Amino acid sequence: MNEQELQNILTIFHEATNLNIYVFKDGAQTFQATTALAPNLNASVCSQLQASPEYVRILLQKKHSIIAAFIWKDWTIVGWSVDYNIQGKGIYDSKAPLLGIEQFSAQIKTLYALFYHKFPKEIRHQTELRALLDTAFQGEIHSDNTYQGYLSERMLWDKIAQGDEEGFNQAYRTFMSTGIFGTFNAGELRNKKDLAIATTTLATRAAIRGGLPARTAYALSDRIIAETEKQTVITNMYEYNRTISLQFLRQVARSRRQHVLPLVNKAQQFLQENMTTVQSVQEVAEYLGINKSYLMHLFKANTGLSVKQYLTQLKMEEAKRRLVFGSQSLAEIAADLGYKEQGQFSRTFKKLYGVTPLEFRRNSRM
């Protein structure tokens with residue numbers, strides 16, 4: 001089995017189980033198949049796990065995490081789980097333990113058996129993992145700038161309105177680094193519930209702005225708030241609120257698909273996934289297998305924008321994100337977004353937003 005085959009197996013296993021999986025080789029992480037908010041574990045975590053080909057080593061921290069590891073050939077394979085989460089793909093029915101210790105143990109041993117064709121010996125240790133996980137999250141929090149927090153929050157609601165799940169998850173990781181949830185009450189559980197209700201309210205407004213019928217949005221809001229009030233434990237507040245937001249986002253995306261022709265929707269997805277490399281409308285038409293003129297007519301009729309205008313908006317939204325939260329130069333951003341000249345990029349940006357990219361960056365960091 002080569003490295004690509006290993007990665008394919010682990011990707012499929014993650015998709016089937018939702019288990020966060022990491023691979024290390026020669027002291028460095030080479031691959032991960034994880035949920036949107038999982039940390040990027042570093043080499044110090046791997047070295048402290050003392051993995052072995054003979055057994056699965058499982059470390060526990062009460063009310064926080066479970067982490068396990070074993071060695072296969074030159075690779076150290078690590079599984080990681082937070083105790084509590086919201087389960088279900090696109091359905092907010094209940095909050096339950098994401099993985100209890102027995103389920104986690106069964107999953108990691110099954111993963112071991114995929115490689116060794118036998119079940120491993122299991123070694124459990126009740127230990128303090130705080131140092132391991134704090135180390136894993138180092139570098140995630142890089143700013144306490146209030147304005148950046150505001151911008152990152154605004155970006156979240158924009159992504160909900162657009163029905164853009166990939167963009168939302170990316171923006172949410174940024175929000176974790178710069179945003180501030182705030183505190184409503186002294187009681188921990190009550191505070192978390194209030195934060196979840198506030199998230200629900202803002203996501204409801206964003207979804208309506210994105211075209212979701214108000215009746216549908218408010219019905220979903222009422223159901224989520226009712227379920228939130230029933231909870232007796234909310235451990236992972238960030239993931240809890242992210243999952244709430246995704247329910248509204250997916251409803252927006254579903255509603256949009258119902259009102260946009262399948263061909264136009266496929267064109268939009270292609271542009272979103274390839275916005276940095278697409279050079280012409282003809283490329284999109286060839287991907288869809290239709291005539292260029294026919295595509296231009298359909299796209300304009302269903303979105304109110306030309307294909308080029310839509311692509312430009314995608315690029316400029318990505319440029320805004322990089323200008324606020326990244327450290328690339330204007331020339332590097334322009335090149336990454338497919339502009340041959342920085343001047344062309346700057347003129348396009350100013351035409352759309354009324355300020356140059358440099359002015360936008362300066363204003364966002366004042």
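The values are calculated or read from the model by the stated rules, or taken from the named source; none is laboratory data. In this text, all values refer to a predicted model and were calculated from it rather than measured experimentally. Note that each Cβ is placed from the backbone with ideal geometry, even for glycine, and that neighbours are counted across all protein chains shown. In case anyone asks, the SASA skips ligands and DNA or RNA and just uses the protein heavy atoms, side chains included. Shrake-Rupley method; radii C 1.70, N 1.55, O 1.52, S 1.80 Å.
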> Farthest toward the dipole's positive end in segment 270-340, which of A335, Q282, M316, given Cβ charges of +1 (Lys, Arg) and -1 (Asp, Glu) about the Cα centre?
Replying inline: M316
> So how exposed is D336, as accessible area in Å² (1.4 Å probe, rounded to 10)?
Replying inline: 70
>> Under the √(5λ) rule applied to the eigenvalues of the Cα gyration tensor, what semi-axes describe the equivalent ellipsoid of segment 302-366? Give them in Å, descending.
In response: 20, 13, 11
> Which values of log₁₀ I(q)/I(0), to two decimal places, follow from the Debye formula for segment 268-347 at q = 0.19 Å⁻¹ with a uniform point scatterer at every Cα?
Replying inline: -0.82
>> Give me a comma-separated list of calculated 3J(HN,Hα) values for segment 29-34, in order, Karplus coefficients 6.51, -1.76, 1.60 applied at θ = phi - 60°, integers in Hz, x for any Gly or Pro.
In response: 6, 10, 6, 8, 10, 9
>> For segment 208-366, take the convex hull of the Cα atoms, compute a quarter of its surface area, and give me that in nm², please.
In response: 12.4
>> Using a 1.4 angstrom probe on the protein heavy atoms only, could you order H117, H297 from most to least accessible area?
In response: H117, H297
>> In whole Hz and in residue order, list the ³J(HN,Hα) couplings for segment 227-232 that follow from phi through the Karplus curve 6.51 cos²θ - 1.76 cosθ + 1.60, θ = phi - 60°; x for Gly and Pro.
In response: 5, 4, 5, 7, 5, 9
>> Run the reach check for K292 against aspartates and glutamates, Cα to Cα strictly under 12 Å, same-chain hits fewer than 8 apart removed. What comes back?
In response: E283
> To the nearest 10 Å², what's I12's accessible area with a 1.4 Å probe?
Replying inline: 110
